[in-house]
Structure formats: structure tokens, C-alpha cells
Amino acid sequence: MILLKYFSLILGISMLAACGNGQETEISEENPLNVVATTSMIADLMERIGGETVEVSGLMGPGVDPHDYQPSTSDVNTMAEADLIAYNGLMLEERFVEVFEQLDQRGVPSIIMADALNEGDLLDPEEDEESLEFDPHIWFSVTHWEAVTAHAADQLSEIDPDNEDYYQENADSYLTELDELRTYIEERIEEVPEQSRYLVTAHDAFQYFGEEFGFDVIGLQGLNTQTEAGTGDISGLADFLVDNQINAVFVESSVSPRNIEALIEAARSRGHEVENAGELYSDALGSSEADADTYLKMYRSNIDTIVDGLAD
Ligand SMILES: [Zn+2]
């Protein structure tokens, strides 16, 4: 039923959009490419690469959980009218799958971030995840995000070859900033003693970060926020905190803090004080007021929170 509903919706709209999409005029600042991105990380990336020749609409704002996000009718309309859709893939946007298929059949081009990577670059889910074959949180590997940047620039250049040089230049300067970010992360992590490099968070978004920068990462809820943490998980993780003398855990902006609070309580009942060391951005960027509204600022904010929480 849902599929039928989307199909007729998109069908109706793309009849209207057909005249707009078949534009022959050159893509420029005055006539930008209309890009729709799912998550805020991807919207930010497309803005950096596309610069003044793209107009990016992001569907998910600060604090929005992409695993759980159901596209609204207005989202479907926005996507059907777009010149280009940009999304993560690997089932991060689980409830968009049918819409993506329909848009693809209607000939709306898409850039899928995960297509930049080989299977060997991807991490498996730690435990049984019904819908996930691979860990979708690829943006937390800076190396992977660099590959994604290059891929997105190439794809954009294919769609709009007239501006290829411009997109490649934008990508190059962004890659330099990603390199600077990596240096910043490595330098700050030095402040955390090696035996304290445990990152305990609400859900398992940080495995790529852990892999790249040498942290043990434990998510209370698994990769997908829709799998609930059981009391057994909380109790087992509380024992783990005691055994490894872990004194700080973190909440996430797009996940309820309830389970992390229960974990802190469970550790306290074992005579072990654990601090809620602050909020990490996992599956969405933060607000501009929080100075976390770009990928680079979001990652720096996370690193500062992690290091300040775990350093002696
Ligand atoms: Zn997630």
C-alpha cells in the first residue's frame, strides 16, 4: 500500500517536473542545480563541493535520527522535483528505500555516498541487525569521508560536465581541510591515556572512528536505533565499566539519553561513579548556535567532548 501511494504521488509530480528537469540552460549561480540531501552531513558535503552552482535542501535537521525518519509527503515532493538526490545508502535511511527505487525508475539521478567505498572498507554490524548488512556510519572515518568527497565531485561532474573544474577545485580544498581535521583529531587524542580510550555511547555510531583512531567503541543500542537496549545489555555494560575502570560515558544528540542514564545508575549501584561527559553528534549535525552545523565543526566538537571527558 505504502509503495503504491508513493508511486502514484511521484508519478503525478514528475509529470509536472519533467519540463523543469529537462533544462538545456547551463548550470550556474543564476540557474543552480537543485540537490536534495537526506542527512545534514551529506547536505554540508554537497554544498562544499557544489558551491554556488547548487542549491541544496537537506531533509533532516539537527537531532533527527535517520534510521527512524519517515519521509513526509512534502519530502517526497521535494525529491521528485530535484535535479539530483544525495544519500548515504547502506540502509541508513531505512524508510526511504521504496522512494529511492521509485525516483530511480523515474530517472531522477542520485549520488550514493557509500558507493565511494569497497566492501573491504566497510565494517560488519557487531551483532545481529535485522536490516543492516554493513555499518552505515561511514562519515566517522575521515579517510572514508575523503573518498566520499572525491566520489561526489566525480558524480557531480558527470551530471554537470561544464562545471567539472569548479567541482574538482572545491573538492580539493575541502580535502585539505579534512586532512587538517585528521591532524587535529590525532593531536587531541594524545591527551587521553591509551588504557582510557573507551568510547561508550547510546548507539553504535562510532565504530569507524574507533577503527581509525584506536578507540574501543561500545554502543548501548547497536547500530540501528530501532533495536532497543535490554536490561541485560545495561547490566552487562555496567559490569564492563567497573571492570575497565571507565569513568565517562556519552549521550548523543539524535538518541534519547534514557538508556545512558540507566547505565550510569546501574554502575552507581555497583559502587562505581560514571560521569555523563556530554553530548556527541552521531547521525546529524548540530545547530549553528552550538557551532556544530558543518561536518568539520561537528567532528571537532565531538573530539573536544570525548577528550575532555576521558583525559586525566
Ligand atoms: Zn546511527
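Can you list residues from other chains, or at least 5 along the same chain, whose modelled amide H is less than 5 Å from the amide H of Ala86?
Val36, Ala37, Thr38, Ile111
Testing the spin-label approximation: label points 7 Å from Cα along Cα→Cβ at Arg268 and Asn244. State their distance in nm.
Result: 2.3 nm between the two label points.
For region 302-312, just list the computed ³J(HN,Hα) in residue order, Karplus coefficients 6.51, -1.76 and 1.60, θ = phi - 60°, integers in Hz, with x standing in for Gly and Pro.
Values, residue by residue: 4, 5, 4, 5, 5, 5, 5, x, 9, 5, 5 Hz.
Ordered by residue, what ³J(HN,Hα) values in Hz, to whole numbers, does region 114-119 give under the Karplus form 6.51 cos²θ - 1.76 cosθ + 1.60, where θ = phi - 60° and Gly and Pro are x?
With coefficients 6.51, -1.76 and 1.60, one gets 5, 5, 6, 10, 8, 4 Hz.
Going by alpha carbons, how many degrees (0 to 90, nearest 10) lie between the helix axis of 142-159 and the longest principal axis of the chain?
Taking the Cα atoms of the chain, the angle to 142-159 is about 10 degrees.
Over the chain, calculate the relative contact order: mean separation of alpha carbon pairs under 8 Å at least 6 apart, over the residue count, as a percent.
Averaging sequence separation for qualifying contacts and normalising by length gives 17 percent for the chain.
Cα axis of helix 40-50 to longest principal axis of the chain: angle in degrees, 0 to 90, nearest 10?
The angle comes out at about 50 degrees.
Could you state the angle between the C-alpha long axis of helix 2-21 and the longest principal axis of the C-alpha atoms of the chain, as a value from 0 to 90 degrees rounded to the nearest 10?
So the inclination is approximately 50 degrees.
When the helices in the chain are scored as -39500 (n - 2.57) per DSSP H run of 4 or longer and the sum is shared across all residues, what 222 nm value do you end up with, to the nearest 500 deg cm²/dmol?
After summing the helix terms and dividing by the residues of the chain, the value is -14500 deg cm²/dmol.
Among 28-37, 293-302, how do they line up from the highest to the lowest mean number of other beta-carbon atoms within 10 Å?
293-302, 28-37
Along region 74-90, what does the Karplus equation 6.51 cos²θ - 1.76 cosθ + 1.60 (θ = phi - 60°) give for ³J(HN,Hα), rounded to whole Hz, x for Gly and Pro?
5, 4, 5, 4, 4, 5, 5, 8, 6, 7, 7, 10, 10, 9, 6, x, 6
Using amide H atoms built 1.01 Å from N in the peptide plane, name the residues 5+ places from Val217, or on other chains, whose amide H lies under 5 Å from its own.
Those qualifying (amide H under 5 Å, at least 5 residues apart or on another chain) are Leu199.
For the chain, just the Cα set please: Rg and Dmax, both in angstrom.
Final numbers for Rg and Dmax: 20.6, 69 Å.
Amide H neighbours of Gly278 under 5 Å, counting only residues 5+ apart in sequence or on other chains, H built in-plane at 1.01 Å?
Those lying under 5 Å, H to H, from Gly278 are Val251.
Throughout, read-outs are computed from the coordinates displayed, never taken from laboratory work. Source: prediction; values computed, not measured. Note: ideal-geometry Cβ built from the backbone for every residue, glycine included; neighbour counts use all protein chains shown.
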